[in-house]
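The values are calculated or read from the model by the stated rules, or taken from the named source; none is laboratory data. This one's a predicted model, so the numbers in the text were calculated from it and none came from an experiment. Positions of Cβ are backbone-derived with ideal geometry, glycine not excepted, and every protein chain shown enters the neighbour counts. Heads up: the accessible areas ignore ligands, DNA and RNA and are worked out on the full protein's heavy atoms, side chains in. Shrake-Rupley method; radii C 1.70, N 1.55, O 1.52, S 1.80 Å.
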Amino acid sequence: QVQLVESGGGLVQPGGSLRLSCAASGSIISIYSMGWYRQAPGQPRELVACITSGGNTNYVDSVKGRFTISRDNAKDTVYLQMNSLKPEDTAVYYCNAELSPRSYWGKGTLVTVSS
């Protein structure tokens, strides 16, 4: 069983930056693929970025060049550095840990981009 706790969300102006953290416990996450998803009001949840156990990363086109996912296996923590934030980035951001067939979710952290 893996427990995930997200932090770092908040209100930021357009063009600003935030760093989200996802702290894991209950298992060694180094063997898991980790991902950040987001869900805006009235929209389906979408994958934003993911990182494999080997460190390979992938991003949705809308955040490429602006967001960076990273992991610190020694701290069992995954990060999402978000730069040049736009109002359309406003959503609840969720952390996911996956080791097929198991998948675990955090409760999410709200990011609001507004002036």
- Task: For the range 5-54, name all the residues that are over 15 Å from residue 105 (Cα atoms), touching a residue at least 60 places away in the same chain (Cβ under 8 Å) and part of a loop (DSSP other than H, G, I, E, B).
- Result: 8, 9, 13, 14, 15, 16, 17
- Message: Residue under question is residue 111, and the condition is that it be touching a helix residue (DSSP H, G or I) at 6+ places or on another chain (Cβ under 7 Å), among the β-branched types (Val, Ile, Thr) and in contact (Cβ under 8 Å) with a residue 12 or more places away in the chain; does it hold?
- Response: yes
- Within the range 73-84, is there a residue that is touching a Phe, Trp or Tyr at 6+ places or on another chain (Cβ under 7 Å), at pLDDT 95 or above and small (Gly, Ala, Ser)? no
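If the requirement is being under 12 Å from residue 111 (Cα atoms), hydroxyl-bearing (Ser, Thr, Tyr), assigned to a strand (DSSP E or B) and within 10 Å of the chain's Cα centre (by Cα), which of these qualifies: 93, 79?
93
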- Task: List the number of the failed condition for residue 38; all other conditions in (1) surrounded by 12 or more Cβ atoms within 10 Å (Cβ to Cβ); (2) closer than 22 Å to residue 1 by Cβ hold.
- Result: (2)
- Task: Hey, can you tell me all the residues within the range 96-109 that are under 11 Å from the mean Cα position of the chain (by Cα) and among the aliphatic types (A, V, I, L, M)?
- Result: 97
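Inside the range 91-101, can you point out the residues that are in contact (Cβ under 8 Å) with a residue 40 or more places away in the chain and either more than 11 Å from residue 34 (Cβ to Cβ) or open to solvent by 40 Å² or more (accessible area, probe 1.4 Å) (or both)?
Residues satisfying the conditions are 91, 92, 93, 94, 98, 99.
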- Of the numbered conditions (1) open to solvent by 40 Å² or more (accessible area, probe 1.4 Å); (2) over 15 Å from residue 96 (Cβ atoms); (3) of a type in the set (D, E, K, R), residue 66 satisfies every one except a single condition; which is it? (1)
- Could you pull out the residue among 46, 88 that is touching a helix residue (DSSP H, G or I) at 6+ places or on another chain (Cβ under 8 Å), open to solvent by 60 Å² or more (accessible area, probe 1.4 Å) and charged (D, E, K, R)? 88
- The lone condition residue 74 fails out of (1) open to solvent by 70 Å² or more (accessible area, probe 1.4 Å); (2) part of a strand (DSSP E or B); (3) hydrophobic (A, V, I, L, M, F, W, C) is (2)
